[in-house]
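Structure first, then comments.
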Amino acid sequence: MLQGKRGIVFGVANEYSIAWAIAKAAHEHGAQLAITYQNERFEETVRQLARTLNEPLVLRCDVSEDEQIERVYDTIAQEWGKLDFVVHSIAFAPRTALEGKFLETSRADFLLAHDISVYSFIAVTRHAVPLMTDGGSVLTLTYLGSERAVPGYNVMGVCKAALEACVRYLAAELGERNIRVNALSPGPIKTLAARGIPGFTKMLDIMRERAPLRRSTTQEEVGKLAVVLLSDYASAVTGEIVYLDCGYHIMGM
């Protein structure tokens, strides 16, 4: 499904990362990959995971620094010359912005959360566009907290709402280049980032109780649907928020 395509996956931290699930699925369907890690804390783990792929580029990238993003794409330009897809699986909010009252969110925490979780999506897309000479696909990850108030999600819900708006604006702007932009919205999944959300276990329990399929989404399921959206099988799909939350978002109660 992705034979002959080259893509970059931002946000791999460990084997439980949604980014890693997408990278694995893309690899299994024939893609050649670049994967990024944030800093030295994650480097060894990510390099070990990368050994299971087909000679990927493994690149350091802290998306809060424009210079690092530029270096990543300079390397891709030198090694490959072109790019077919980008996966943005990055989000962060300080613990102080997730605990307590949303009303008490500080200016600093609000700005930092939006910089990492939202602006980085624009930044990694902007630098990818010149390399997508034959069109391409850009994919990010969101959550239902963008449109409903989820206890404990707080400022991250606002970030996801902004991220989804970015999907639509980028899709509208890049369509003439045959570049598609979409977001996947899975249900809550146990990842390193999810551990920082107060009451996360309760979120999982409620989903399993109320979702039509009576279970939660798996990383593997996200990887499979990501491959479809990154491939030519979704060539007419852009600007969409695609849910894979076992039907939870359709329920009124």
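The values are calculated or read from the model by the stated rules, or taken from the named source; none is laboratory data. What you are looking at is a predicted structure, and each value in this text was computed from that prediction instead of being measured. In this analysis, Cβ positions are derived from the backbone assuming ideal geometry, glycine residues included, and neighbour counts consider all displayed protein chains. Accessible surface areas use protein heavy atoms only, side chains included; no ligands, DNA or RNA. Shrake-Rupley method; radii C 1.70, N 1.55, O 1.52, S 1.80 Å.
Couple of notes before you dig in:
- Filtered by the rule that a residue be of a type outside the set (V, I, T) and either touching a residue at least 40 places away in the same chain (Cβ under 8 Å) or assigned to a helix (DSSP H, G or I) (or both), the stretch 225-239 gives L225, A226, L229, L230, S231, D232, Y233, A234, S235, G239.
- Enumeration of residues in the stretch 96-114 that are part of a helix (DSSP H, G or I), of a type in the set (D, E, K, R) and open to solvent by 50 Å² or more (accessible area, probe 1.4 Å): E104, R107
- Whichever residue in the stretch 199-217 is open to solvent by less than 50 Å² (accessible area, probe 1.4 Å) and outside any helix (DSSP H, G or I) and, among such residues, is nearest to P151 (Cα to Cα): G199
- For the condition modelled with pLDDT under 95 and either among the β-branched types (V, I, T) or touching a helix residue (DSSP H, G or I) at 6+ places or on another chain (Cβ under 8 Å) (or both), I206 qualifies.
- Checking V58, V72, V12, V46 one by one, the residue that is modelled with pLDDT of 95 or more and within 14 Å of the chain's Cα centre (by Cα) is V12 and no other.
- Condition met for E65 (loosely packed, with under 14 Cβ neighbours inside 10 Å and in contact with a helix residue (DSSP H, G or I) (Cβ under 7 Å, 6 or more places away or on another chain)): no
- Failed condition for S120, given (1) under 25 Å from E55 (Cα atoms); (2) not in a loop (DSSP other than H, G, I, E, B): (1)
- Pairs meeting the criteria (first residue in the stretch 174-199 and modelled with pLDDT under 70, second residue charged (D, E, K, R) and outside any loop (DSSP other than H, G, I, E, B), beta carbons under 7 Å, at least 6 apart or on different chains) are G196/R95.
- As a summary of the residue check, N39 satisfies the conditions (1) modelled with pLDDT of 95 or more; (2) touching a strand residue (DSSP E or B) at 6+ places or on another chain (Cβ under 9 Å) except for the one numbered (1).
- Just one of the numbered conditions (1) over 30 Å from H27 (Cα atoms); (2) open to solvent by 20 Å² or more (accessible area, probe 1.4 Å) is not true of L170: (1).
- Unique residue being touching a strand residue (DSSP E or B) at 6+ places or on another chain (Cβ under 9 Å), of a type in the set (F, W, Y) and at negative phi when the list is F102, F85: F85
- Just one residue in the set A31, A26, A93 is within 27 Å of G157 (Cβ to Cβ), in contact (Cβ under 8 Å) with a residue 24 or more places away in the chain and open to solvent by less than 20 Å² (accessible area, probe 1.4 Å); that residue is A93.
- Boolean, V242 is in contact (Cβ under 8 Å) with a residue 12 or more places away in the chain, β-branched (V, I, T) and more than 13 Å from G136 (Cα to Cα): yes
- In the stretch 70-90 there is at least one residue matching the filter, namely being touching a residue at least 60 places away in the same chain (Cβ under 8 Å), surrounded by fewer than 22 Cβ atoms within 10 Å (Cβ to Cβ) and not β-branched (V, I, T).
- Residue satisfying all of: in the stretch 123-155; open to solvent by 20 Å² or more (accessible area, probe 1.4 Å), part of a helix (DSSP H, G or I) and touching an Asp or Glu at 6+ places or on another chain (Cβ under 8 Å); farthest from E176 (Cα to Cα) among these: S146
- Candidates I206, I179, I189: the one that is in contact with a strand residue (DSSP E or B) (Cβ under 7 Å, 6 or more places away or on another chain) and of a type in the set (V, I, T) is I179.
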